[in-house]
Amino acid sequence: MPPALGLAWRFGALAGLTAGLAAAPLLGDAESSAPLLIAAALAAPALAVAAPRRAAPGRVRRARVGPGACAWLILVAATACAAGVAIGSARVAAIDAGALRLEPGSRVAVDGFVAAVPRRADGEVDVRVDTPEGRLLVEAPEPVADLDIGAAVSATGTIRAPTELERAYLERLGIGRVLATRAITVGEQRRGGLLGVLDRIRERAQRALSVGTPESSSSLLRGFVLGQDDRIAERTANQFKRSGLAHLLAVSGQNVVLLSILAAAALAMLGVGARARLLWLCALIAIYVLVTGAGASIQRAGIMGAAGIVAALAGRPRSRSYVLLVAAAVTLGLDPRATGDIGWQLSFAAVAGILLLAAPLRRLLAGPGSGRGRVALAEAAALTISATVATAPLISLQFGTVSLVSLPANLVAVVAEAPVMWLGMVAAGAGQLSWAPVEPVTWLAGLCAAYIAQVAEWFGSPSWAQVELGLPSAGVLAGVYAGLGGGIALGVRWAERRRRLRPAAGTGRPRTRRRLVAAGAIAGIAAAVALGSTSSGGAAAAGPGLRVSVLDVGQGDSILLEPADGEPVLIDAGPAVAEVASRLAGRGIQALAALVVTHPDSDHAGGAAAVLGSLDVAHLLFARADRVTVGAARASATDPDRVAAGSGLRSGSLRLRVLWPPRHAAGGGAGVGVPNSASLVLLARWHRFRILLTGDAEAELAPVHPGDVDVLKLAHHGSEDAGLAALLAEAEPELAVISVGEDNPYGHPAEATLATLDAAGVPVLRTDADGEVTISVGGGGWSATAQSSDRG
């Protein structure tokens, strides 16, 4: 077999294997797995043809593959893909076998060990626990003591099945049940065996990072070095997100890459050769994985980090491309569902960006004849720019936001990233010796962490630091990546010509063509993976836009959101006499992505059963619901899902996020003195447009922090609200809408509420005086109209 074909077939086989592993979890949904398998069949031969071969010393040439060989390549890729499906299916079955399976509604007591860093948000703690019967998620309201990985815990509560919104996330973790409890008890016992040894190493490292520096800095150090981000203040974490520095708060592939390459730059300045750097940095990653506990996420970070190092330092494109595929195959072999994990996607995107962009950017930034110092700085900047640019479109698709300051914030913070990680690693390592003084090292590391936190505050504080900009589909994502790649390639090529830079002999146009082919193939795989891991929420319509209709239902609430590229969403169904179901049918609406019932009062939920009985409703979402509504949902094959703060829903480009109530109060149990305090509060977003929908939860009962909004739907029909002024000061809405009945006996809206709105300069539309209010949102902005008025 010619060497060129042998190398091409290895590339094709590896690409096919990777695609098969990724497709294995999707086989239950043929529609989701088909795009991935098609992309594998097309991308694997493309990657193989793009693979170079060594033809003579000092020269690299393309593999020349004829039509017949291409047919064989497709067959090899397809065979490898089938093997990947078989291996991935077996691995998925093994992961699922370790999940706890108990009947929902069972009252049980469990004992086990903490398996991962807990998630603390919205007044609640979620923690993964390994028990003798299997894995499960335990949720409890704060306060909960520190839950170190490996610590023994016990809890008593009620088993529930994951909601539709939780199911995919927990499935990737091999979890099938959730235990809702009021308290988690932490015991003195710890795990034994190898895991116990690693737990004790981690605990000593954690203690070392907690001395000699303030708690605010030590919590950041534990996040930077150990991936333990559960004790970082919510405000600080939010600033890191807005500034585009959130990847530093937890161990990730991108974080490991940045750390390792910055270390490589220092080694380069000391004159250490490329091969020696590669060995030193791979050894560093291996040590780092062990010190941080060798959990699944850390393993992925280590593999991706090693791939990034080889991508940056290996001398041949073949090595860089091949190791990226190896990293994807290994991580998917460990967990075939990893493609649905945003952490995996961001890690892969960052490494792919480094592979394709870092080298030309480094040449451009360094310039000809540069000294070692400038080359080292150019290398660090090129890697930061490559990773930031490569992950931004994916963040936009998954979270619907773009940080406008991410690139400058990362460039300003980069000078402290290597020191804080290195000093943190030294402190964690020295902490394994009880007699070693770690305070001076931790103090220096804390200063670096405080500097990065200050950078996050500088860049994350402005209101314009982060904008709502969500990509509507994976197809658009692939187009954005193609446009970015092409634009950057042309820009770099133009700049190199302007500066009279020339690539090395034998690495000119053939290499450029190989990179373009490889980039297209990777973009195809990325798009297919995203298609399998995201849902559009409905068929795309002819044009973009959103229409929000605050229906005139008398003394009640019913709000219809209609995105042009997704199914409508109905927030509340008004009182039964309003006949909302008939109104929707009159508008030609036959299906809803969701019916959201903010709370079970008849003026909000009275028409819910009729809507569920006459329309095709995919989901019923509620914090509390009456038996009639839930029964109607089950009778009509609609999924009833209890939601709470942090839950979300997407239909096309429309995104809804639950801001209130916290999960422990969502059921209206103990601790909920006023029923309205458990009403759902939702933030609806369509690109840059934001509307806050407050149900009946006045701001004094539901202290939410939505940020800037365009429109505020006032709570409880405009009743008196002591917290309204503070909410208006934070949200700064341009319009307030009140859903209220004419001549109602409750005095709604209250004079005090109207006075507060007037004092804040917020115009008001109200259904009792203006009729149905319609808000039309498009690319050029938004406008509001009413049946008897025309404002906005």
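The values are calculated or read from the model by the stated rules, or taken from the named source; none is laboratory data. Just so you know, these numbers come straight off a predicted model, no measurement behind them. Virtual Cβ from ideal backbone geometry, glycine too; neighbours counted across all protein chains shown. These accessible areas exclude ligands, DNA and RNA; they are computed on the full protein's heavy atoms, side chains included. Shrake-Rupley method; radii C 1.70, N 1.55, O 1.52, S 1.80 Å.
Any idea how many residues of the stretch 427-451 are among the small types (Gly, Ala, Ser), open to solvent by 20 Å² or more (accessible area, probe 1.4 Å) and in a helix (DSSP H, G or I)?
Residues that pass the stated criteria total 3.
Just wondering, is there one or more residues in the stretch 591-601 that are within 19 Å of Gly545 (Cα to Cα), of a type in the set (A, V, I, L, M) and in contact with a Ser or Thr (Cβ under 7 Å, 6 or more places away or on another chain)?
yes
Against the definition (at pLDDT below 85, touching a strand residue (DSSP E or B) at 6+ places or on another chain (Cβ under 9 Å) and under 27 Å from Arg120 (Cα atoms)), how does Ser679 come out, yes or no?
no
Take the residues of the stretch 188-211 that are assigned to a strand (DSSP E or B) and not polar (S, T, N, Q): which is most open to solvent (accessible area, probe 1.4 Å)?
Initial filter on the stretch 188-211 (assigned to a strand (DSSP E or B)): 188-190.
Checking the rest, the ones that are also not polar (S, T, N, Q) come to 188, 190.
Details: Glu188: 174, Arg190: 84 Å².
Ranking the candidates gives Glu188 first.
Answer yes or no: is there a residue in the stretch 734-753 that is closer than 20 Å to Ala573 by Cα, open to solvent by 50 Å² or more (accessible area, probe 1.4 Å) and touching an Asp or Glu at 6+ places or on another chain (Cβ under 7 Å).
The answer is yes; a qualifying residue exists.
Considering each residue of the stretch 341-370, count those that are open to solvent by less than 20 Å² (accessible area, probe 1.4 Å), within 23 Å of the chain's Cα centre (by Cα) and in contact (Cβ under 8 Å) with a residue 40 or more places away in the chain, and give that number.
9
When you scan the stretch 402-410, do you find a residue that is closer than 28 Å to Val272 by Cβ and modelled with pLDDT under 80, even just one?
Checking the stretch 402-410: not a single residue is closer than 28 Å to Val272 by Cβ and modelled with pLDDT under 80.
Which numbered condition in (1) surrounded by fewer than 17 Cβ atoms within 10 Å (Cβ to Cβ); (2) at pLDDT below 85 is the only one that Thr185 fails?
(2)
Which one of these does Ile285 not meet: (1) part of a helix (DSSP H, G or I); (2) more than 24 Å from the chain's Cα centre (by Cα); (3) at pLDDT below 65?
Answer for Ile285: the failing condition is (3).
Among (1) of a type outside the set (S, T, N, Q); (2) open to solvent by 10 Å² or more (accessible area, probe 1.4 Å); (3) under 16 Å from Arg657 (Cα atoms); (4) modelled with pLDDT under 90, where does Asp710 come up short?
For Asp710, the exception is condition (4).
Is there any pair linking a residue in the stretch 83-97 that is within 9 Å of Pro336 (Cα to Cα) to one that is open to solvent by less than 30 Å² (accessible area, probe 1.4 Å) and among the basic types (Lys, Arg), with Cβ under 7 Å and at least six apart or on different chains, and which?
Val92/Arg337
Residue by residue, here is whether (1) closer than 21 Å to Ala449 by Cα; (2) in a helix (DSSP H, G or I); (3) modelled with pLDDT of 75 or more holds:
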residue	(1), (2), (3)
Ile232	yes, no, yes
Val257	yes, yes, no
Leu262	yes, yes, no
Ala265	yes, yes, no
Arg275	no, yes, no
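Identify the residue in the stretch 406-417 that is closer than 20 Å to Val389 by Cα and surrounded by fewer than 23 Cβ atoms within 10 Å (Cβ to Cβ) and, among all such residues, is farthest from the chain's Cα centre (by Cα).
Pass one, the stretch 406-417, residues closer than 20 Å to Val389 by Cα: 406-415, 417.
So of that shortlist, the ones also surrounded by fewer than 23 Cβ atoms within 10 Å (Cβ to Cβ) come out as 407-408, 411-412, 414-415, 417.
Values: Leu407: 19, Pro408: 22, Leu411: 22, Val412: 24, Val414: 23, Val415: 26, Glu417: 22 Å.
Top of the filtered list is Val415.
Residues of the stretch 388-400 being under 19 Å from Asn238 (Cα atoms), touching a Leu at 6+ places or on another chain (Cβ under 9 Å) and open to solvent by 20 Å² or more (accessible area, probe 1.4 Å), which ones?
Ala392, Ile395, Gln398
Tally the residues that are in contact (Cβ under 8 Å) with a residue 24 or more places away in the chain and open to solvent by 30 Å² or more (accessible area, probe 1.4 Å), restricting the search to the stretch 610-634.
Qualifying residue count, the stretch 610-634: 9.
Would you confirm whether or not the stretch 212-222 contains a residue that is open to solvent by less than 50 Å² (accessible area, probe 1.4 Å) and farther than 18 Å from Val420 by Cβ?
no
Can you find a residue that is assigned to a helix (DSSP H, G or I), open to solvent by 70 Å² or more (accessible area, probe 1.4 Å) and modelled with pLDDT of 70 or more anywhere in the stretch 453-462? First the steps, then the outcome.
Of all residues in the stretch 453-462, those assigned to a helix (DSSP H, G or I) come to 453-460.
Now restrict to residues that are open to solvent by 70 Å² or more (accessible area, probe 1.4 Å): 458.
Then drop every residue that is not modelled with pLDDT of 70 or more, which leaves 458.
Checked against the condition, which is being assigned to a helix (DSSP H, G or I), open to solvent by 70 Å² or more (accessible area, probe 1.4 Å) and modelled with pLDDT of 70 or more, the stretch 453-462 yields at least one hit.
Looking at the stretch 554-566 only, could you name the residues that are modelled with pLDDT of 90 or more and either open to solvent by 20 Å² or more (accessible area, probe 1.4 Å) or over 26 Å from Ala644 (Cβ atoms) (or both)?
Gly554, Gln555, Glu562
For Arg182, only one of the following conditions fails: (1) touching a Gly at 6+ places or on another chain (Cβ under 8 Å); (2) within 13 Å of Val129 (Cα to Cα); (3) not acidic (Asp, Glu). What is its number?
(2)
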